[in-house]
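Structure first, commentary second.
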Amino acid sequence: MNKENDNALPLRLGIDTGGTYTDAALIDSDNKVVNVAKALTTHGDLSAGIGAAIDAVLAKGNCATADIATVALSTTLATNSIVERKWDRVALVAVGFEPRDLARERLQEALSGDPVVMIRGGHDHHGTEIEHPDLDGLIGQVKGLGPTVSALAVVSRFATRNPEHEVRIRDRLRGGTGKPVTCSHELSSRLNGPRRAVTAVLNARLVGIIDKLVDAAESLLRHRGIKAPLMIVRGDGSLISAGQAKARPVETILSGPAASVVAASWFTGRHDAIVADIGGTTTDVAALHDGRPGIDPDGAVVGGFRTMVEAVAVRTTGLGGDSETILREDGTRLRLALGPRRAIPVSLLAKDLRELVHGLIDRQLAKDQPDENAGRFILPIPGAPGDRRELNRTELTVLDRVERPVSGLATAVRTRKDLAIVDRLISQGYLKLSCATPSDAWHVTGIQNTWDAAAARKALELLARRVGPDGRPFAGSAHHAAEQILARLTDQSATFLMECAFAWDERDFGLPPDRLAGHALTIAGLDHHRGHVRIEAGLDKRLVALGGPAATCYPGVGKRLSVSVDVPEFSPAANAIGAIVGHVAVRARGHVTALGKGQFRLHSAIGMEEAATEEKALELLESRLTEQACGTAAESGIFEPVIRVEKDLVRSGAGSVDDLLQADLVVEATGRPGVKGGVS
């Protein structure tokens, strides 16, 4: 690792809010990890977990808050809000579009029944006004939508060629309603109006949510005497200021996976690798290309919506340390599967409810044949987000059987139909599940000793005693059951990594990646089959494994995939470290279109300009974009950024100066907060 510039300030604090834990990490001016700390994520109020993690990391290192120069936060909040549809009500103002356009790019689903105001206006692909915008009565229409509309999104036809109509409507709406307004051209310079509308709608939905998180985090820092500016991790791994995140919160989707890829490069110094980040709930897999996160070229997908947000190309599976363990009958035997649902490990549940949990398990162990659902528990969720009025009589009956603070699943489930109802109540947020998980298996094998290992052993003993159709128990002992769970974790992890590798490979193998990964030939290759044919399969990129469980399960995964594995020392806090070692990277985009000989039009966020020659048009656009990128970088504390320019010229002929059809320019300004002169 390179030593920082001598002008770097002493300490940098990174924070990551994950599904199970909130991590904090301190990095010094020599680019070394001072210490890391964890606190349980507080889902009802993320700021409580953030505050606990900050206090823990400061106390652990006995560090002075005055020495902290920069704070960066990686958060799953935007992603989870979209995936779980926990979002604010918004309205879309569509300018120059037809009703049929709302049926494209899943825009109607993104609107989710929220109102749309359609008015005349818009431009053509050259940025020439088609029709003057109809602004009469717009404020009245929007106000008539009611006070529950928290924010507004505006999309105008060909606004990326000329943003004038979006800007005028934005200013009119902000002044007339006082509500936040998102313009589509501020989020993307690419064509495809309906997809820009989806992106703008999702951004508007997140404004209030991220605003509250940022305000709470900044308040926590001030309360602790930390005066350093707060930065937020974008979905591409770069940093933006807290103010920019509040204005463009949709850019923080996939923030966590992006931070992990940045950390992987920082930890190992590698420029090309596959990065697997396994947590309590999921495993995120991404690629590292030329030292940067591999970006999804079509825009990030989150919650099933294809956006125009530049973010890491990540594939996620419901597999982690807290994955539910399930035994299913498969012919004459029992087959073990993990996930995709997250459960509370029995060892963690018993840590807080020791006597109750041990008592429930002991009563099952006393039976000659434990119940099918023995060792599985359900917990009612106080203040569940759902409305009980939406439940039918049978669902209410099952819900009322659940005792507080915890019940054995067998208490609530009396029929197969009841079991399906419990599954539904869990997915709707009324109940939580607790059962044996890989975390419990690690407690049984002695790898982990964080919670109640005795409860874990008892839960896995119940699992081991489960009898299959052939009359045989699943395992001979709790330890044997634990070994099978961990072996299954290895196999499922390896299969998913192969699926990711097939998806990203340059060759088209003719089948979907998931079918290729589970194909008999692939499995034979991983098994190093030798017979009349010899088959080999595995990863051809080095694997970097991150996350709390990485050190325990990924050496086996690497062996299965015939690949070397890097498990960095501080991999359990990788996302927090990736948050603070990242750079500010601001990209400004614009276009030049040729209208005719000696007529060139520049399109950028500031509007349209004309030039008489190709050379002048490109020079002027580069100047405008550089000014825009540097100005945005300055908002994040980068005053001497490194500038990089990309040009993509489309010509009609052999390359003379008069045959330019279109030019796309990208100016990138990069730097690291607290370091003068750009990137260290």
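The values are calculated or read from the model by the stated rules, or taken from the named source; none is laboratory data. Given the structure is predicted, the values throughout are model-derived calculations rather than measurements. Methodologically, a virtual Cβ is constructed for each residue, glycine included, from the backbone with ideal geometry; neighbour enumeration extends over all protein chains shown. All accessible areas refer to the heavy atoms of the entire protein, side chains included, with ligands and DNA or RNA removed. Shrake-Rupley method; radii C 1.70, N 1.55, O 1.52, S 1.80 Å.
Over the range 340-379, with a single point scatterer placed on each C-alpha, what log10 of the ratio I(q)/I(0) does the Debye formula yield at q = 0.27 1/Å? Debye output, listed in q order: -0.98. Taken over the range 123-175, the alpha-carbon convex hull comes to 73 cubic angstrom per residue.
Quick one: Debye curve from the alpha-carbon atoms of the range 74-168 only, equal weights, vacuum; give me log10 I(q)/I(0) at q = 0.10 Å⁻¹ to two decimals. Log10 I(q)/I(0), no solvent term: -0.31.
Taking a sphere under 14 Å around the Cβ of ARG248 and counting the other residues whose Cβ falls inside, with K and R at +1 and D and E at -1, yields a net charge of 0. If you look at the Cα atoms of the range 21-75, you get an Rg and a Dmax of 11.3, 37 Å.
The alpha-carbon of LYS38 sits under 24 angstrom from the alpha-carbons of these lysines, leaving out residues fewer than 8 places away in its chain: LYS60, LYS212, LYS227, LYS351, LYS432. Look at the alpha carbon pairs under 8 Å that are at least 6 residues apart: their mean separation over the length of the chain gives a relative contact order of 13 percent. Per the Debye formula with a single identical scatterer at each Cα and no solvent contribution, what log10 I(q)/I(0) holds for the chain at q = 0.05, 0.06 Å⁻¹? After summing over all Cα pairs, the log10 values are -0.27, -0.39.
Note on the range 302-386: Cα convex hull, mean projected area over all directions, 9.9 nm².
The alpha carbons of the range 374-498 stretch over 45, 34, 33 Å along the principal axes, in descending order.
Sorting ASP290, ASP659 on solvent-accessible area from highest to lowest, probe radius 1.4 Å, gives ASP290, ASP659. Partner lysines whose Cα lies under 22 Å from the Cα of LYS616, excluding those fewer than 8 positions away in the same chain, are identified as LYS597, LYS647. By the scheme Lys and Arg +1, Asp and Glu -1, what is the net charge of all other residues having a beta-carbon under 11 Å from that of VAL563? Once all neighbours under 11 Å are counted, the net charge is +2. Dipole orientation for the range 550-652: of the candidates THR632, ALA550, ALA612, ALA550 has the Cα lying most toward the positive pole (charges on Cβ; Lys, Arg +1; Asp, Glu -1).
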